[in-house]
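Worksheet for the structure shown next.
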Amino acid sequence: MRFKEMASKISQWLEESKEIVISSRVRLARNLADFSFTHWAKKEDLAKIVERVSKEAKTSSYLKNALIINLKELDDIDRQFLMERHLISREHAQGKGKERAVIIGDKEIISIMVNEEDHLRIQVTESGLNLIEAWRLATKIDNELEKGLNYAFSEKYGYLTACPTNTGTGLRASVMIHLPALVMSRQINKVLDAVSRANMAVRGIYGEGTQAQGDLFQVSNEISLGESEEEIVGHVEKAAREIMEYEKGARKRLLTQLEERVRDSVSRAYGTLCSTYTISSAETLTLLSKLRLGTSIGLAKDIDIPTLNELLILTRPAHLQEIAGKKLSAPERDVKRAAFIRSKLGIKSSE
């Protein structure tokens, strides 16, 4: 394990997030024309791709101080840690037996996955609903890299990618959004069904193939072919704003119709987090979600959003193990997690 210092704090984009939309992310999928897609490429070719992309990244004005990490040198906990920080995908973390890397920019706003499903996944994450700024920065990085990299591109289809749904612009715009009131009022399925009908994908906290936890959802465009980058970003931002309004409406109704029930739920969540001596990751996310709702609508005044954002990430399994500097069993993590939460909430241990 090598990320103890990084594990003691959260990424800038989350540190500054105080809204219903926690973050905005733009990802560009690119492949090098001289090589087969990652699933078909030979091991030596994958190594050449890592070397070539890493060399070109060092010339980018946005990646001068970037950290370049070869994932095969990491253990399972290190890779999970990078996934928990949203710097790599679950597939990138779990993929074994091939050359792959991640390039992490200053403050963790920029990350580039090398040899995930595509040769490059250029990712920019911004705080709150800020898709346009994320897209502009991703485009600038992409343009710099393209000067030295020969991308696979078709005049007819656009950028060629391993998955047909990414072909075209190769752009995936997404928002991570916190919807506790819609979940509590049982309106979430109705809203998400409407989003899906508008050609948007809804996924869990860590993207494709993951379940929603802590009332956190990722909403993104379904396809990237047939629309311009501006149109894709605009459609996702419009969908995010509409979902925000639904959530705001649900929060108002909860305060008007079920204030005591919500107040009780928030109070119980706070009480549990302050007093528990063992707690799972899933229960932590559930309780933090209730507290984040309570803080946002003025029913929890003993804690602030930045502290809750910190707990959302630093209580994850790999983070706890990086901080501890060793591998921990699930029961050991549950005890460490509870102690960490109590310390962050200012509760003195009686041990």
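What follows is calculated from the coordinates using simple rules that are stated; it is not laboratory data. As the structure is a computational prediction, the values presented were derived from the model and not from experiment. Counting neighbours? That spans all protein chains shown, and the Cβs are built from the backbone with ideal geometry, glycine included.
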Lysines with Cα under 27 Å of Lys190, excluding same-chain neighbours fewer than 8 positions away:
Lys18, Lys238, Lys248, Lys252, Lys290
Would you please classify the overall shape of the chain from the alpha carbon gyration tensor, given that a ≥ b ≥ c denote the square roots of the eigenvalues, rounded means a/c under 1.5, and beyond that prolate means a/b larger than b/c while oblate covers the rest?
oblate
Taking the 0 to 90 degree range and rounding to the nearest ten, how far is the long axis of helix 229-257 tilted relative to the main principal axis of the chain, both from C-alpha atoms?
10
Between Asn70 and Ser275, the two model label points (7 Å from Cα along the beta-carbon direction) sit apart by a distance in nm of 5.3
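Roughly how big is the chain's charge dipole about its Cα centre, with Cβ charges of +1 (Lys, Arg) and -1 (Asp, Glu), in debye to the nearest 20? Walk me through the intermediate numbers first.
Working: 53 positive and 50 negative charges, 166 e Å.
Charge dipole, the chain, about its Cα centre: 800 debye, nearest 20.
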Within 10 Å of each candidate Cβ there may be at most 16 other Cβ atoms; applying that plus a DSSP loop requirement, which chymotrypsin sites (Phe, Trp or Tyr not before Pro) in region 110-209 survive?
Tyr157
Remind me, relative contact order of the chain in percent, using alpha carbon pairs under 8 angstrom and six or more residues apart?
21
Quick one: Glu260, Glu310, Glu222, fewest Cβ neighbours within 10 Å first, how do they rank?
Glu260, Glu222, Glu310
Highest-first arrangement of 264-273, 322-331, where packing means the average Cβ count within 10 Å:
264-273, 322-331
Quick one: Karplus J couplings for region 270-278, per residue in order, coefficients 6.51, -1.76, 1.60, θ = phi - 60°, nearest Hz, x for Gly and Pro?
5, x, 5, 5, 6, 10, 6, 10, 7
Region 256-273 to region 95-121: how many Å between their Cα centroids?
41
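Below 8 Å, C-alpha to C-alpha, sequence gap of six or more: please give me the relative contact order for region 259-344 in percent.
Working: 77 pairs, mean separation 33.7, N = 86.
The value is 39 percent.
Show me 138-150, 107-119, 170-182, 289-301 ranked by packing, highest mean number of other Cβ atoms within 10 Å first. Intermediate results must be reported in sequence, preceding the final value.
Details: 138-150: 16.3, 107-119: 23.5, 170-182: 25.1, 289-301: 20.2.
The peptides rank, most packed first, as 170-182, 107-119, 289-301, 138-150.
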Vicinal HN-Hα couplings computed from phi for region 156-169 (Karplus, 6.51 cos²θ - 1.76 cosθ + 1.60; Hz; Gly/Pro x)
7, 9, x, 5, 8, 10, 5, 9, x, 5, 9, 5, x, 7
Here is the link list: Lys4/Lys336; Lys9/Lys64; Lys48/Lys72; Lys42/Lys140; Lys64/Lys98. Which ones come out longer than 19 Å on Cα distance?
Lys9/Lys64; Lys42/Lys140; Lys64/Lys98
From the Cα centre of region 286-351 to that of region 20-89, the distance in Å is 30
19 Å cut-off, amide nitrogen to a point 7 angstrom out along Arg253 Cα→Cβ, residues in region 164-198:
178-196
